[in-house]
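The next block holds one structure in the form of structure tokens; read it before the comments.
The values are calculated or read from the model by the stated rules, or taken from the named source; none is laboratory data. This one's a predicted model, so the numbers in the text were calculated from it and none came from an experiment. No Cβ is skipped: glycine too gets one built from the backbone with ideal geometry, and neighbour counts run over all protein chains shown.
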Amino acid sequence: MTNLETRHCVPCSGAATPLGAEEIDLHRASVPGWEVIADGGVNRLSKVFTFAGFNEAMEFAVKVGRLAEAEGHHPALLVEWGRVTVSWWTHAIGGLHLNDFIMAAKTDRV
């Protein structure tokens, strides 16, 4: 699997199945630096981006927000002084979907 950042999210219904461990490991190779974190039993892709200060962190968060709105898939964003934590998961299925890996790759390009 390559070029995730060139793909687009597809609508995902609650009937889809979250990715299994093997699929997650396969896709993680394409998004280095992203961690799979279980939060309340739900797997999420998470990464911390660091910046020189708060304004730079906010500018990055706004860019990620615009990207998310364009793709119709929205992350959790935690903005702090000099850092932004971005977490992707698919709420409708309570876990990870290919869309989350696509968005992680696109976030890295921001």
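Laid out as a table, the results:
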{"read-out": "Every pair of residues 6+ apart whose Cβ atoms lie under 6 Å, when the first sits in segment 42-55 and is closer than 13 Å to D100 by Cα and at pLDDT below 95 while the second is in a loop (DSSP other than H, G, I, E, B) and among the aliphatic types (A, V, I, L, M)", "value": "N43/L96"}
{"read-out": "Filter pass, D108 being more than 23 Å from A16 (Cα to Cα), out of contact with any helix residue (DSSP H, G or I) (no Cβ under 6 Å at 6 or more places or on another chain), part of a helix (DSSP H, G or I) and of a type outside the set (G, A, S)", "value": "yes"}
{"read-out": "Those residues of segment 41-82 which are exposed (fewer than 12 other Cβ atoms within 10 Å of the Cβ), touching a Gly at 6+ places or on another chain (Cβ under 8 Å) and of a type in the set (S, T, N, Q), in sequence order", "value": "T50"}
